[in-house]
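The structure appears below as structure tokens.
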Amino acid sequence: LSVLGEKLETDIFLNELAKNRDISPREYLRKATAALNFMKHADRDPTAVLEFADEANDFMLFWACRDFVSITKGLPVDAQVFDAWFFATQLKKVSKGGLRWQESVKACIGLFPGVRSASRPEKKRIAFKVLGDALEKPALRMQIERTIRLPRT
């Protein structure tokens with residue numbers, strides 16, 4: 001999605017991430033996809049071991065959601081729920097942002113009762129419960145641009 005966003009000249013999350021860490025987007029992408037490349041090229045060293053925490057998936061999925069919405073101008077219900085869950089579980093200090101930001105984060109937290117103090121498996125159970133309920137609400141379905149036209153180069 002990041003590569004597609006670059007080709008579309010869309011404001012992608014990768015650029016913001018790289019800027020915050022004062023490195024190039026390419027360098028950030030290289031570091032972020034180290035696990036992906038490890039799995040993609042596992043045949044090169046079949047005895048190698050990748051240390052990978054389940055929680056590492058959260059940020060990568062959030063990143064994908066940000067870029068997906070930048071490209072398609074919408075999110076599937078599953079991604080909307082994940083976004084809200086990510087904010088509810090990952091943002092430790094709600095007061096760090098402005099008032100509108102705080103209200104949004106508090107609303108996300110309110111969607112997942114008990115999630116902030118729950119264990120990792122329980123956080124996931126709470127998320128799946130909310131997802132099941134959300135999938136039953138047609139009003140949450142967003143329009144998504146399904147045809148992407150790349151600029152001519």
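Remarks
- Partner lysines for Lys96 [C-alpha distance under 17 Å; skip if fewer than 8 residues away on the same chain]: Lys106
- Between the stretch 1-69 and the stretch 130-147, the alpha-carbon centres lie 26 Å apart.
- Cα gyration tensor shape for the stretch 1-121, rounded if a/c is under 1.5, else prolate or oblate: oblate
- Total charge dipole magnitude, the stretch 84-134, about the Cα centre, Cβ charges on Lys, Arg, Asp, Glu only, Debye to nearest 20: 240 debye
- Furthest towards positive pole of dipole, Ile109, Val81, Met39, structure part the chain, Cβ charges: Ile109
- The trypsin sites (Lys or Arg not before Pro) of the stretch 68-153 meeting both criteria, a DSSP state outside H, G, I, E and B (loop) and at most 15 other C-beta atoms within 10 angstrom of the site's C-beta, are Lys73, Lys92, Lys93, Arg141, Arg146, Arg149, Arg152.
- Residues in the stretch 25-68 that a label on Leu150 would reach, taking backbone N under 20 Å of a point 7 Å out along Cα→Cβ: 25-27, 29-30, 67-68
- Of all lysines in the structure, the ones whose alpha carbon falls short of 16 Å from that of Lys40, not counting any fewer than 8 places away in one chain, are Lys31.
- Per residue, the chain exposes 70 Å² of accessible surface when a 1.4 Å probe is rolled over the protein heavy atoms with every protein chain present.
- Taking GluC sites (Glu not before Pro) as exposed when their DSSP state is a loop state and no more than 11 other Cβ atoms lie within 10 Å, the longest site-free interval of the chain runs over 56-135.
- Loop chymotrypsin sites (Phe, Trp or Tyr not before Pro), the stretch 4-95 (other Cβ atoms within 10 Å of the site Cβ: 13 or fewer; DSSP): Phe52
- Shape class for the stretch 71-126, computed from the alpha carbon gyration tensor (a ≥ b ≥ c): oblate, with a/c not under 1.5 and a/b at or below b/c.
- The accessible surface of the chain, taken with every protein chain in place and a 1.4 Å probe, is 56 percent carbon and sulfur.
The values are calculated or read from the model by the stated rules, or taken from the named source; none is laboratory data. Predicted model only: the values in this text are computed from it and were never measured. All Cβ positions, glycine included, derive from the backbone under ideal geometry; neighbour counts span all protein chains shown. Calculation scope for accessible area: heavy atoms of the full protein, side chains included, ligands and nucleic acids excluded. Shrake-Rupley method; radii C 1.70, N 1.55, O 1.52, S 1.80 Å.
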